[in-house]
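Q: First, the structure itself, so that you have it in front of you.
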Amino acid sequence: MTETSRPTTGRRAMPLPPQRPDAVTDTAPGAAPAPSSGDGRPPGTGTAAPDPAKPTKRRDAFFDNAKYLAIVLVAMGHAWEPLRGDSRAAAALYITVYTFHMPAFIVISGYFSRSFDASPHRIKRLVTGIAVPYVIFEVAYTFFKRWAGGDPDYPISLLDPWYLTWFLAALFIWRLTTPLWKVVRWPLPLALAIAVLASVSPDIGDDLDLQRVLQFLPFFVLGLVLKPEHFQLVRRREARLLALPVFAMALAFAYWAAPRMNAAWFYRRDSAQELVAPGWAGAVMTLAMFGCSLVLVACFFAWVPGRKLWFTALGAGTLYGYLLHGFLAKGSRFWDWYEADWIHRPLGEITVTLLAGTVITVLCTPPVQRMFRFAMEPRMEWAFKQDAAAVAKGRRPGRRAA
C-alpha cells in the first residue's frame, strides 16, 4: 500500500489440508518465510531422508498462490497511482484493488499466526523475520529518498515508517498481541471497535503508523479466527460464479465513485478529521469498508487456484517482492518516468500494468531470495541464547555412548 490443494469441481470440493495449531508455520504473506535451502527443504536438512516417524509439513499451494497474486495486485496498484488523474478507468481499478489486496494479505497473515504463543522460538522468528528486515529497509529507504528523492536531510526514524515498511511494523505488533485475541470472548467485534475508535482519534499520531495498525487490525483478527473450512466455503463452484458479478458491480461502483471519493480512506492511515470529514464519518466508513473489503477478499479467494502452478513457489518470496519493488515504485516518481505522454494513453497504461506484474514476479524468484536473504531472513544465532533444553537433548547421545 502506498502513502499516498486441487481445483474444485461442482459441490464435491476437496477439503483443505487439516491445519493443527502446532503444525501452522510462522510464515505469513508479507512476512519472511521460514528459511529454506532453496529447494523447498527446511534449512540444514541437506539430502538426508525424511524421518517417517515425523509428519512432514507441506506448504499449501492455495495460500502460496493467493500471496503471489495479491502481491502482483499490490505492484499494479502502485503502477496505476500516477495514472488516476488522467484515466477514470485506472482510478476505478485502483480503488477496487485497494479495497481488498492488503486486507487479503492481512487475513492470511492472521491465519498463519494462530500458532504464535510468545515462546522463545516464536519470538526469535518474529525478530529475525520481521523486526530486523523492518530496521534494514527503513534505513535503506531513507538513504534512497535522500539520494534519489533529492532530500539529503531526510531523517532516519524507526518510529515513523516510510512507504512500505509500515506493514512490517504492523505485523510485528499484531503478532505480539495474538495471545490476547485467543483468550477474549469476542475478538472480532472488539477489534472492529478499536478500529472505529482509531478512525475518530486524530491525536494518535504517526508513530509506527498506529492508525494503520489499528484500522487494519480487524482483518488480522479475522484471520486468527478463521478455520480451513471457511476457506473451503468460498472456494466452492457457486462462490466462484457469484464472484464474477460481484467484482463487476464493484468496478462499476468504483468507476462512479472515482471522481467523488477521497482514495485516502483506503489507506487507513488517517482519522476522519484529518481527511476533513466529521467524526461520525470515520465510524461509518470503517464499518462500511470492512464489509466491502470482506466481500471482495472472499471473491478473490474464490478464484485463487488450489493446485500447484508455475507461480506457486513464488508465494514464498512475497516479502522480497513487496519490499524490493518499493525502490522502483518510488524511483519512478523521483525520476519522472510518468512524464512521458504515451504512458497516459491506453496502450501505455497496459504496458505499465504488464511491466509491474513482470517486475514483481522476478523479485519473488529464488535467485533474488538467495541474494537478499541476509536482510530478509538473517539467522543471527549470535544474538540469541541457546535453548537449554535443546542443548541438553543434544548431549544425551554422547553421554549414552560414553
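Q: Applying 1/(1 + (r/R0)^6) with R0 = 41 Å to the Cβ-Cβ distance of Asp153 and Leu355, what FRET efficiency is obtained, to the nearest 0.05?
A: Taking R0 as 41 Å, the efficiency between Asp153 and Leu355 is 0.80.
Q: Let me ask something additional. Kirkwood hydrodynamic radius (Cα pairs, Å) of region 166-253?
A: Mean inverse Cα-Cα distance, inverted, gives 15.1 Å.
Q: Which percent of Cα-Cα pairs in region 311-363 sits in each 10 Å bin, short to long?
A: Once binned at 10 Å, the Cα pair distances of region 311-363 give 22, 46, 25, 6.
Q: Write down, largest first, the equivalent ellipsoid semi-axes of region 114-269 in whole Å, where each equals the square root of 5 times an eigenvalue of the alpha-carbon gyration tensor.
A: Gyration-tensor ellipsoid for region 114-269: 30, 25, 17 Å.
Q: Rounded to two decimals, what ratio of Rg to Rh does region 191-233 give with C-alpha atoms and a Kirkwood Rh?
A: 1.15
Q: Can you tell me the dipole magnitude for region 141-204 around its Cα centre, using point charges on the Cβ only (Lys, Arg +1; Asp, Glu -1), in Debye to the nearest 20?
A: Dipole size: approximately 380 debye.
Q: Given a Förster distance of 35 angstrom, what is the FRET efficiency for Asp207 paired with Ser115, based on the Cβ-Cβ distance and rounded to 0.05?
A: 0.75
Q: Highest mean first, what order results for 327-334, 119-126, 207-214 on Cβ atoms within 10 Å?
A: Peptide ranking by packing, descending: 207-214, 327-334, 119-126.
Q: Based on the Cβ-Cβ distance of Ala252 and Val284, what FRET efficiency does E = 1/(1 + (r/R0)^6) give at R0 = 25 Å, to the nearest 0.05?
A: 0.70
All of the numbers you see were taken from the coordinates with simple rules; none came from a lab. Because the structure is a prediction, the values reported are computed rather than measured. When we count neighbours, we look across all protein chains shown, and the Cβ atoms used for this are built from the backbone with ideal geometry, even at glycine.
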